[in-house]
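Worksheet: the structure to be examined is printed underneath.
Each reported figure results from applying straightforward, stated rules to the coordinates on display, with no laboratory input. Keep in mind that what you see is a predicted model, and the values were worked out from it rather than measured. No Cβ is skipped: glycine too gets one built from the backbone with ideal geometry, and neighbour counts run over all protein chains shown.
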Amino acid sequence: MTASTVKTQRQPIVPLLPMPLLSTPEAAFAARQRQRDQSSHPELWNLLDAVKDPEVPVLSLWDLGVLCDVQQDAQAKVSVTLTPTYSGCPALETMQADVAAQLQQAGFEHYEIHIRLAPAWTTDALSPNGRRQLQAYGIAPPLQDSCALAAALTPEAGIECPHCHSDNTRRISEFGSTACKALFQCLDCAEPFDYFKQL
């Protein structure tokens with residue numbers, strides 16, 4: 001049996017564009033959900049729900065908003081489109097390999113994994129379930145305001161603690177365990193925690 005290969009196609013590097021302006025994160029996710037619901041291949045989306053984010057393993061790539069599209073052509077070749085959280089994301093290669101492994105385990109021998117950089121990923125792409133999973137995992141989810149309306153800087157205080165739910169918190173560092181998180185501390189329970197930055 002020959003080993004399957006991952007064919008990754010990158011679009012030419014272009015300036016990253018924001019996702020279309022939608023009024024709320026809920027509206028942004030609803031647009032993604034409609035695309036998935038209208039797919040002719042729901043079984044492929046369901047299959048790839050098992051692929052988790054390497055950096056936050058409670059989140060699927062779907063809940064993170066990285067899994068953008070899944071197609072299958074008349075020759076049964078599967079095409080998967082991923083949009084990384086940012087263009088230099090160090091977890092991207094692992095995500096691609098995990099998607100490939102999941103397809104191979106399900107018996108798909110012909111597939112392509114496309115990397116789409118525009119429109120750029122934003123935290124509006126997070127699913128409501130993903131936000132709940134972040135909270136339960138001990139990471140404060142991004143604020144609910146649309147990313148297009150967000151202030152440029154991470155708040156200095158007031159992010160709800162995922163441990164005790166107090167908003168009596170302060171920012172310790174602009175960077176937490178990864179570049180997309182900031183480090184906060186709760187002044188009530190004294191626990192430090194990561195805040196997933198609004199992007």
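Key figures
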read-out: Within segment 76-160: Cβ-based charge dipole about Cα centre, in debye rounded to nearest 20 (Lys, Arg +1; Asp, Glu -1); value: 160
read-out: Where N is the number of residues in segment 151-196, Cα Rg divided by 2.2 N^0.38 Å; value: 1.02
read-out: Only Lys, Arg (+1) and Asp, Glu (-1) charged, at Cβ; segment 7-125 dipole about Cα centre in debye; value: 280
read-out: Segment 7-125 - Rg over Rh from alpha carbon coordinates, Kirkwood radius; value: 0.94
read-out: Burial ordering of ILE172, ILE115, fewest other beta-carbon atoms within 10 Å first; value: ILE172, ILE115
read-out: Sorted by Cβ density within 10 Å, fewest first, the residues ASP167, ASP98; value: ASP167, ASP98
read-out: Considering only segment 7-125, percent of DSSP beta bridges that pair antiparallel, nearest 5; value: 40
read-out: Anchor LYS197: aspartates and glutamates whose Cα lies under 20 Å away (excluding residues fewer than 8 positions away in-chain); value: GLU26, ASP53, GLU55, ASP63, ASP124, ASP145, GLU156, GLU160, ASP167, GLU174
read-out: Computed magnitude of the charge dipole of segment 151-196 (debye, nearest 20; Cβ of K, R +1, Cβ of D, E -1); value: 120
